[in-house]
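The values are calculated or read from the model by the stated rules, or taken from the named source; none is laboratory data. Keep in mind that what you see is a predicted model, and the values were worked out from it rather than measured. As a convention, Cβ positions derive from the backbone with ideal geometry for all residues, glycine included, and neighbour counts pool all protein chains shown. Remember, those area values only see protein heavy atoms, side chains included, never the ligands or the DNA or RNA. Shrake-Rupley method; radii C 1.70, N 1.55, O 1.52, S 1.80 Å.
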Amino acid sequence: MDYADRLDRARKATGAAGLDALLVTPGPDLRYLTGYAAVGLERLTCLVLPADGDPALVVPRLERPAALASPVGGLDLEVLDWAETDDPYALAAGLLPARAARVAVDDQMHAAKVFAFRAALPAAEQSLAGAVIGPLRMRKAPDEVAALRRAGAAIDRVHARMGEWLRPGRTEREVGRDIARAILAEGHAGDEWVVVGSGPNGASPHHEVSDRVIEAGDPVVVDIGGTTPDGYCSDSTRTYLVGGEPEPEFAAYHRVVEAALEAAVRAVRPGVPAEAVDAAARDVIAAAGYGPAFVHRVGHGIGLETHEEPYVVAGNRLPLEPGMAFSVEPGIYLAGRHGVRIEDIVVVTADGAVRLNHRPRSLALL
């Protein structure tokens, strides 16, 4: 990852936005710009990125070794540490131009730090840095696409093993523990979430796990994802049938979701508004009579966060561009009965889209 280039592009974008500086605390924006996966503490760690001037990283003294051990140590980036009795907000404010009038803080900065910067910079108007950093993060460079591809392959390997764990007589929680261990074993640094929605629980899109015992003939929605060591995320959903044959209606609307997924992926190409991809899937589901049962947007961006821009939803007219990466995950949910969701990550290319998940999308009978 070329962090020097990212810092330079962010500096130029800061000036183009009419801002004097960005203030970026631990979180995905700091990791994107510097490679430093800093721990979010009550103590201030902050990247100060002036539009006109050299960037600097303010860190607690006890965190200086960790900062220098990260990619920060290889950058032309001054690292200033502060002692327990120092005022780190005054230190950071002192790095800004004397007449700084407009600064932007990262979108995930804790409120306590926002207010502390407000006190340290009383004459400066504050705004959100997402307007500057978001467009940079949204367009993935080739090395980021490669990282997402590795993450997708790793989560595919977990789905390939589902027959080891999903069987009648086991609870969702037991299956979830097995899946979480496999997410780590297959190359992730962290298991971010595990959804095992069996039977009626499959009709709750964000159900996680419960003590419900999986029964023969149950449909099971399995939505899993994690974060790889380089910080990039995976996310993939498949729907399984545990033992027996599917109910005719369930099999039929699973095919509808498959068709909706394919229609949405076909709709992806540069210049198409994000909302058109959502509409492509939604039209298929509505035509089959299940429109009200598709209760969420069709997708979300993915990168250093599982959910980030662009959001693929009605009303988002943002034109798609090569390098944008997002989920395509249509679903149908019948309350009290069961549900279906199928999800792939796609990346926009010059003439369409490439998928990063490759497990079969048809109903898997275990």
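With bins 10 Å wide beginning at 0, the percent of Cα pairs of segment 280-366 falling in each bin runs 15, 44, 33, 8, 0. For VAL194, the accessible area of its heavy atoms, probed at 1.4 Å with every protein chain present, is near 20 square angstrom. Normalised Debye scattering of segment 183-304 at q = 0.11, 0.17 Å⁻¹ gives log10 I(q)/I(0) of -0.47, -1.04, counting only Cα atoms as equal scatterers and leaving out solvent.
For the chain, the per residue solvent-accessible surface stands at 41 Å², with DNA, RNA and ligands left out and a 1.4 Å probe. Antiparallel beta bridges, as assigned by DSSP with both residues in the chain, represent about 75 percent of the total such bridges. Seen from every direction in turn and averaged, the convex hull around the alpha carbons of the chain projects onto 18.9 nm². The calculated pair-distance distribution of segment 68-138 uses every alpha carbon pair, bins of 5 angstrom beginning at 0, and gives 3, 13, 19, 20, 24, 16, 4, 0 percent. Using only the C-alpha atoms, the convex hull of segment 1-111 corresponds to 95 Å³ per residue.
Of the residues ASP76, ASP54, ASP223, ranked by 1.4 Å probe accessible area with the largest first, the sequence reads ASP76, ASP54, ASP223.
Positive end of the dipole of the chain (Cβ unit charges, origin at the Cα centre): among ILE285, THR228, ALA274, the Cα lying farthest that way belongs to ILE285. Placing unit charges on each Cβ (+1 for Lys and Arg, -1 for Asp and Glu) gives the chain a dipole about its Cα centre, and among VAL348, SER70, THR45 the Cα reaching farthest toward its positive end belongs to VAL348. As a fraction of the 1.4 Å probe accessible area of the chain, surface on carbon and sulfur atoms comes out at 53 percent. Could I get the Rg over Rh figure for segment 162-253? Both from C-alpha atoms, Rh via Kirkwood, rounded to two places. So for segment 162-253, dividing Rg by the Kirkwood Rh gives 1.00.
Inter-part distance, segment 111-154 to segment 201-227, computed on C-alpha centroids, equals 32 Å.
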